[in-house]
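What follows is a set of notes on a single structure, which appears directly below.
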Amino acid sequence: MKLEDFREKQIAGAASDEELHEALEREFQVIGRRLRRTDGLAKSSGRAIFTDDISLPGMLHAKILRSPHPHARILGIDVSKALELDGVHAIVTGSDVPETYGILPWARDEYALCIDKVRYVGDGVAAVAAVDEESANEALDLIEVEYEVLPYFLDAEEALAHPEMPIHEPKKPDANGNISKHVRLEFGEVDKLLEDSEVIAEAEYYFEGTTHTAIEPHCAIGWFDTSGKLTVWSTTQVPHYLHRELARVLDLDVAKVRVIQPPIGGAFGGKSEPFDLEFCVAKLAMITGRPVKILYTREEVFYAHRGRHPMLMRYRTGADKNGRIQAVDASTILDGGGYESFGLVTTYYSGQLITAPYTMESYRFDSTRVYTNKPCSGPKRGHGSVQPRFAIEVQLDRLAEALDIDPIELRRRNLLGSDTRTVNEFLVRSNGFLECLGAVEHASDWKDKYRQLPYGRGVGVAGSCYISGTNYPIYPNEMPQSAVQLQVDRSGRVAVFCGASEIGQGSDSMLAYIVSEELGVPLDYVRILAADTDFTPVDLGAYSSRITLMCGNACIDAAGKIKKLVKQAVADGWDCKPKQVALAGGWAFDVKDTGRKMPISEAFNLAEAKFGTLGATGSYNTPKDIHGDYRGGTIGSSPAYSFTAHVAEVEVDRDTGFVDVRKIWIGHDCGRALNPVLVEGQMEGSAYMGFAEAVMEQHIFKETGLHNAPSLLDYKIPTSLDTPELESLIVESVDPEGPYGAKEAGEGPLHPSIPAIANAIYDAVGVRIDRLPFTPPRVWMALQLRADREKAGALAPWKRESGRTPLPAAGD
């Protein structure tokens, strides 16, 4: 019984003590409701203060001089003329910040400003601090850099084939300096089971690189005060990691470095590591003694990049006559761009994260990340696993067609299940994938549409699985991955201090919901102070969909400690047992005597009088028995996994090749929806981004190394008018590791969009498009090739059931 229902019944005089107890203790009062975001009004009304909105007294503005060459040796830099310009206060070059940095401790290969070589067009060489941006830009034009231009590679296969021209010096003698990371793992007898398979699907797939296109450009402000303390405001997703790297690279006491993350205008993985501007503003502030700001231009954002890796994927997949997957053999080349970034992790993710939601008898992947002379690739929403998910889900459709099995049925036959392990030994507890499949099958009228619609229209299905946080931190340690501190005021107000990064996904709101649920305070009594390394406990950042599970559990831990004290104090005052006291809706209730209650503030005061000032800390660390004991077995392991299924419906214009995605049905297992509105927003946002990558986006470069379209005018992403109808279907499997059973919802729902659209195109017109994006010229060409083969008798006309319209011959 819900509390509202109980109150209505109580007024009618029909409520029992047992019913009251049920309403107060067993039903969530806040969790699961469709509530507002706690920061929604400030952001929608323009009152939120973003990093570039901050203006400090005496603040200087800085700009970075960037390389015009994709690969060149720096022979000399002369800044003398620039220093003479009026308004210029300081200039720094690579020699001023000679320590390498990187998000992964064992893969630091970047300098704040290049010292010996530049490795892509846009690599930073010098930074100028001046009274305004105009003066700083004028000074950049006066800096003279002497380069020795070197051979360069814009293609990963070409770079791989020429180790004699290394982009980075080899890590070991005789090693290929153009290989960032190579991983080969095998589980089971792949070759034998491929031989024994009834059918084998073999194909090559290419996923073009894409970027994040967050609304807010990167921005940072540095201030070095007279006490020797450095403060950096940044648009980072990872304040804690930035905090550590600033101290290490600049050789400062970490206790004298403070990182503050103001509200963020979108990130999607593009701000989840340190960048050159943060080190530059810090160093320039140390030199000048004044605050210094750098705001990237939109063009600089495109060159900073860290977006989706281009991947060339060759897959062989075998199944028995019943459609059960016997073997998967995957070979992948990743285009990493100029630097390491998260590359080691990405290389593992390209293979480790496709072994669910399906059972596989055997699996092998061989992934090689290659350096090229392009902006560095990194993590974008669904890090490392969106590309291989495209390949494996189209492979499954190929198998289904060869065996004449419905694609949804084939996926059901290979269901992994719950409380089990994947072929690569990851522990999966809850699994709602079967329900996700059923939800999209029913909502889309799949059985009446698949192979039944007129020529040019089709439906496709795909599934996926994703992590709810990485099981281990980026730098090895045994400390908690997330922590929360609560402070309770006598007024009933509760302050939450947490290092979690609110980047638009709703993490601040999630914390407020949990505190309101656990302590019974009204939602507007909760204050969130997040992502300030001077005042908040450590949280590792907003990446890998980790915050709800990890920070949420830490918050429940802290709130539970205070709840215990408050209930004890009230129980002592009422001479009853603590379990008889409930906290909800701004009140403390006696569940056995409905006339006895007090405002929550009074209950807090009783507890403070009895136990002293009310406050508590809570933390969360991950279980350690959820992965295999092999090299790389920890990478891809997670406390919980979300599951998703999509059905996409498309209409393909034969004359132009234009793909009109009409609708996407999104079934997502989020464990428990803490706020269905926010979960639906994440599901729809994810599906939108997948749709965008499927039909429009491509982060490509001219032969000179220049970006092809470094602006939001030229880089194609869908507007609201282009976006298909999106229908969210929440599935709740309730995971034992998640807060109230919750799992992630911010990245997993992206993965199936792309292969579902690809499979729908095939259902519509009988052509497989295995290279992204599905642009009109690419689709039109595939249609012409099919028509030519039909004319030659190599293919039968594309038909469905008896009512299916065949593909007309070309020219008809």
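The values are calculated or read from the model by the stated rules, or taken from the named source; none is laboratory data. Values in this document were obtained by computation on a predicted structure and should not be read as measured data. All Cβ positions, glycine included, derive from the backbone under ideal geometry; neighbour counts span all protein chains shown. Surface areas here come from the heavy atoms of the whole protein model, side chains and all, with no ligands, DNA or RNA. Shrake-Rupley method; radii C 1.70, N 1.55, O 1.52, S 1.80 Å.
Within region 408-425, is there a residue that is buried (at least 24 other Cβ atoms within 10 Å of the Cβ), more than 23 Å from the chain's Cα centre (by Cα) and assigned to a helix (DSSP H, G or I)?
Looking for residues that are buried (at least 24 other Cβ atoms within 10 Å of the Cβ), more than 23 Å from the chain's Cα centre (by Cα) and assigned to a helix (DSSP H, G or I), one finds at least one in region 408-425, hence yes.
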Query raised in the report: List, please: which pairs have Cβ atoms under 6 Å, are six or more places apart or on different chains, and start with a residue in region 632-646 that is in the same structural domain as Cys465 (by TED's automatic domain parsing) and at pLDDT 95 or above and end with one that is buried (at least 21 other Cβ atoms within 10 Å of the Cβ) and of a type in the set (Asp, Glu)?
Result: Pro639/Glu737; Ala640/Asp735; Ala640/Glu737; Ser642/Asp669; Ser642/Glu744; Phe643/Asp669
Report summary line: Flagged pairs (Cβ under 8 angstrom, 6 or more apart or on separate chains; first in region 535-553, free of Cβ contacts under 8 Å to residues at least 60 places away in the same chain and farther than 23 Å from His751 by Cβ; second of a type outside the set (Gly, Ala, Ser) and open to solvent by 10 Å² or more (accessible area, probe 1.4 Å)) are Phe535/Phe497; Phe535/Leu529; Thr536/Gln485; Thr536/Phe497; Thr536/Leu529
Query raised in the report: Considering Ala558, Ala495, which residue is touching a strand residue (DSSP E or B) at 6+ places or on another chain (Cβ under 7 Å) and closer than 23 Å to Ala673 by Cβ?
Result: Ala558
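Being acidic (Asp, Glu) and in a loop (DSSP other than H, G, I, E, B) is the filter; apply it to region 110-142 and report the residue that is least open to solvent (accessible area, probe 1.4 Å). Let's see the steps before the verdict.
Just the residues of region 110-142 that are acidic (Asp, Glu), to begin with: 110, 116, 123, 132-134, 138, 141.
Those left that are additionally in a loop (DSSP other than H, G, I, E, B): 116, 123, 132.
Values: Asp116: 74, Asp123: 10, Asp132: 58 Å².
The residue in question is Asp123.
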Query raised in the report: Across region 744-766, what is the number of residues that are assigned to a loop (DSSP other than H, G, I, E, B) and open to solvent by less than 10 Å² (accessible area, probe 1.4 Å)?
Result: 4
Query raised in the report: Taking region 97-123, which residues are touching a Lys or Arg at 6+ places or on another chain (Cβ under 6 Å) and not hydrophobic (A, V, I, L, M, F, W, C)?
Result: Thr100, Tyr101, Gly102, Lys117, Tyr120, Gly122
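Based on this model, can you work out whether Ala267 counts as more than 18 Å from Asp123 (Cα to Cα), surrounded by 19 or more Cβ atoms within 10 Å (Cβ to Cβ) and of a type in the set (Gly, Ala, Ser)? Break it down stepwise before answering.
Numbers: more than 18 Å from Asp123 (Cα to Cα): yes; surrounded by 19 or more Cβ atoms within 10 Å (Cβ to Cβ): yes; of a type in the set (Gly, Ala, Ser): yes.
Yes: the conditions hold for Ala267.
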Report summary line: Matching residues in region 207-226 (over 21 Å from the mean Cα position of the chain (by Cα) and open to solvent by 30 Å² or more (accessible area, probe 1.4 Å)) number 4
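Of all the residues that make up region 488-500, how many are touching a Phe, Trp or Tyr at 6+ places or on another chain (Cβ under 7 Å) and either part of a helix (DSSP H, G or I) or open to solvent by 20 Å² or more (accessible area, probe 1.4 Å) (or both)? Lay out the reasoning, then the answer.
Initial filter on region 488-500 (touching a Phe, Trp or Tyr at 6+ places or on another chain (Cβ under 7 Å)): 488, 490, 492-494, 497.
Filter once more, keeping what is either part of a helix (DSSP H, G or I) or open to solvent by 20 Å² or more (accessible area, probe 1.4 Å) (or both): 490, 493, 497.
Adding up the residues that qualify gives 3.
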Requested in this report: Among residues belonging to region 501-524 that are of a type in the set (A, V, I, L, M) and assigned to a loop (DSSP other than H, G, I, E, B), point out the one that is surrounded by the fewest Cβ atoms within 10 Å (Cβ to Cβ).
Outcome: Val521
Report task. For region 657-679, name all the residues that are out of contact with any helix residue (DSSP H, G or I) (no Cβ under 7 Å at 6 or more places or on another chain) and surrounded by fewer than 22 Cβ atoms within 10 Å (Cβ to Cβ). Result -> Asp660, Arg662, Lys663, Pro676, Val677
Requested in this report: Might you let me know whether region 46-58 holds any residue that is open to solvent by 50 Å² or more (accessible area, probe 1.4 Å) and among the acidic types (Asp, Glu)?
Outcome: yes
**Report entry** Total residues in region 352-372, condition over 16 Å from Val183 (Cβ atoms), over 20 Å from the mean Cα position of the chain (by Cα) and either in a loop (DSSP other than H, G, I, E, B) or aliphatic (A, V, I, L, M) (or both)
**Finding:** 5
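For Asp397, indicate whether it is more than 26 Å from the chain's Cα centre (by Cα) and either without any contact (Cβ under 8 Å) to a residue 60 or more places away in the chain or within 28 Å of Met311 (Cα to Cα) (or both).
Values: more than 26 Å from the chain's Cα centre (by Cα): yes; either without any contact (Cβ under 8 Å) to a residue 60 or more places away in the chain or within 28 Å of Met311 (Cα to Cα) (or both): yes.
Against the criterion (more than 26 Å from the chain's Cα centre (by Cα) and either without any contact (Cβ under 8 Å) to a residue 60 or more places away in the chain or within 28 Å of Met311 (Cα to Cα) (or both)), Asp397 qualifies.
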Requested in this report: Could you tell me which residue of region 149-164 is least open to solvent (accessible area, probe 1.4 Å), considering only residues that are of a type outside the set (Asp, Glu) and in a loop (DSSP other than H, G, I, E, B)?
Outcome: Phe153
Report task. Out of Asp660, Asp593, Asp572, report the one residue that is at pLDDT below 95 and acidic (Asp, Glu). Result -> Asp593
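Would you mind listing the strands (runs of 3 or more DSSP E) fully within region 602-721 where at least 2 residues are farther than 24 Å from Cys498 by Cα?
On the way: elements: 615-620, 641-652, 659-669.
Once the strands (runs of 3 or more DSSP E) in region 602-721 are filtered for at least 2 residues that are farther than 24 Å from Cys498 by Cα, what remains is 641-652, 659-669.
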Query raised in the report: Is there a residue in region 29-48 that is closer than 17 Å to Leu140 by Cβ and at pLDDT 95 or above?
Result: no
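Listed here are the residues, each with its yes/no results for (1) under 30 Å from Ser516 (Cβ atoms); (2) touching a residue at least 40 places away in the same chain (Cβ under 8 Å); (3) among the hydroxyl-bearing types (Ser, Thr, Tyr).
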| position | (1), (2), (3) |
| --- | --- |
| Thr38 | yes, yes, yes |
| Leu41 | yes, no, no |
| Leu65 | no, yes, no |
| His89 | no, yes, no |
**Report entry** Matching residues in region 270-290 - criterion: being part of a helix (DSSP H, G or I), buried (at least 21 other Cβ atoms within 10 Å of the Cβ) and not acidic (Asp, Glu)
**Finding:** Leu277, Phe279, Cys280, Val281, Ala282, Lys283, Leu284, Ala285
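Give the residues of region 177-206 that are part of a loop (DSSP other than H, G, I, E, B), modelled with pLDDT of 95 or more and either open to solvent by 30 Å² or more (accessible area, probe 1.4 Å) or of a type outside the set (Ser, Thr, Tyr) (or both), sorted by residue number. If you could, list the steps in order and put the result at the bottom.
First, pick out the residues of region 177-206 that are part of a loop (DSSP other than H, G, I, E, B): 177-178, 188-189, 197-198.
When the remaining residues are screened for being modelled with pLDDT of 95 or more, the result is 178, 188-189, 197-198.
Across region 177-206, the qualifying residues are Asn178, Gly188, Glu189, Glu198.
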Query - Members of region 288-344 found to be of a type in the set (Gly, Ala, Ser) and under 30 Å from Ser135 (Cβ atoms), listed by number - result: Gly289, Ala304, Gly338
Query - Odd one out for Gly323 among (1) farther than 27 Å from Leu60 by Cβ; (2) in contact with a Pro (Cβ under 8 Å, 6 or more places away or on another chain) - result: (2)
Report summary line: Of the residues in region 336-351, those that are over 30 Å from Arg412 (Cα atoms), under 19 Å from the mean Cα position of the chain (by Cα) and open to solvent by less than 10 Å² (accessible area, probe 1.4 Å) come to Gly336, Glu340, Ser341, Gly343
Query - Residues of region 527-556 that turn out to be surrounded by fewer than 21 Cβ atoms within 10 Å (Cβ to Cβ) and either over 28 Å from Leu606 (Cα atoms) or of a type in the set (Asp, Glu) (or both), as a count - result: 3
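Condition check: closer than 16 Å to Arg308 by Cα, at pLDDT 95 or above, touching a helix residue (DSSP H, G or I) at 6+ places or on another chain (Cβ under 9 Å) and open to solvent by 10 Å² or more (accessible area, probe 1.4 Å). Does Met696 satisfy that? If you could, list the steps in order and put the result at the bottom.
On the way: closer than 16 Å to Arg308 by Cα: yes; at pLDDT 95 or above: yes; touching a helix residue (DSSP H, G or I) at 6+ places or on another chain (Cβ under 9 Å): no; open to solvent by 10 Å² or more (accessible area, probe 1.4 Å): yes.
No.
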